[in-house]
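**Student:** This structure is in C-alpha cells; I'll ask about it shortly.
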Amino acid sequence: MGMIKEFKEFAMKGNVVDLAIGVVIGGAFGKIVSSLIDDVITPLLLKPALDAANLSNIADLKWGAVKYGSFISNIISFIIVAIVLFMIIKAMNASKKKEVEAPAAPAEPSNTDKLLMEIRDSLKK
C-alpha cells in the first residue's frame, strides 16, 4: 500500500503534470508544423522546384538511394518550431519584465525613523 501512495504523490507533483501537458501539447504542435510545411510552405514556396524535379512532395527528393528530401523537410520543420518557440519565450520574458519593472510603493518609515526625523527637525529649529 505504501508504494501506491508514494507513486500517487510522485505522479501528482506539479512538475510531472506540467511535463505530461507539455508532451501532449508538443505532439499536437508537431502535427500543426507538419501540416504547415506539407500543406502550405511546400505548395507555395517549393512548388516550382518540385515541378522541375517532377515530384509532388519534398520528402520524395532523393539522389540515388539517399532520400535527402525528407532531411530537408525535417530541417524546415525544426526551423519553424525554433522560431515559434523563440517568439513565445520572448513574449513570456517581456511580460515578466513588465511585472518586475513596476516599482513598489515606497515603504513607510518605521517608528524609529519617524522619531529620529522629529528629533532632527526639532534640532534644526
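The values are calculated or read from the model by the stated rules, or taken from the named source; none is laboratory data. No experiment lies behind these values; they were computed from the predicted model shown. So basically every Cβ, Gly included, is an ideal-geometry build from the backbone, and we count neighbours across all protein chains shown.
**Student:** Which residues, taken from the stretch 60-82, are β-branched (Val, Ile, Thr), within 14 Å of residue 37 (Cα to Cα) and out of contact with any helix residue (DSSP H, G or I) (no Cβ under 8 Å at 6 or more places or on another chain)?
**Tutor:** Matches in the stretch 60-82: 75, 79.
**Student:** Same structure again: Keeping to the stretch 66-78, report how many residues are surrounded by 12 or more Cβ atoms within 10 Å (Cβ to Cβ) and under 22 Å from residue 31 (Cβ atoms).
**Tutor:** Summing the residues that are surrounded by 12 or more Cβ atoms within 10 Å (Cβ to Cβ) and under 22 Å from residue 31 (Cβ atoms) in the stretch 66-78 gives 9.
**Student:** How many residues are polar (S, T, N, Q) and in contact with a helix residue (DSSP H, G or I) (Cβ under 9 Å, 6 or more places away or on another chain) if we restrict to the stretch 1-59?
**Tutor:** So the answer is 4.
**Student:** Another question about this same structure. If you scan the stretch 41-65, which residues turn out to be at pLDDT 80 or above and under 29 Å from residue 26 (Cβ atoms)?
**Tutor:** none
**Student:** Select from the stretch 24-65 the residues that are of a type in the set (D, E, K, R) and part of a helix (DSSP H, G or I) and write down the one among them that is farthest from residue 82 (Cα to Cα).
**Tutor:** 51
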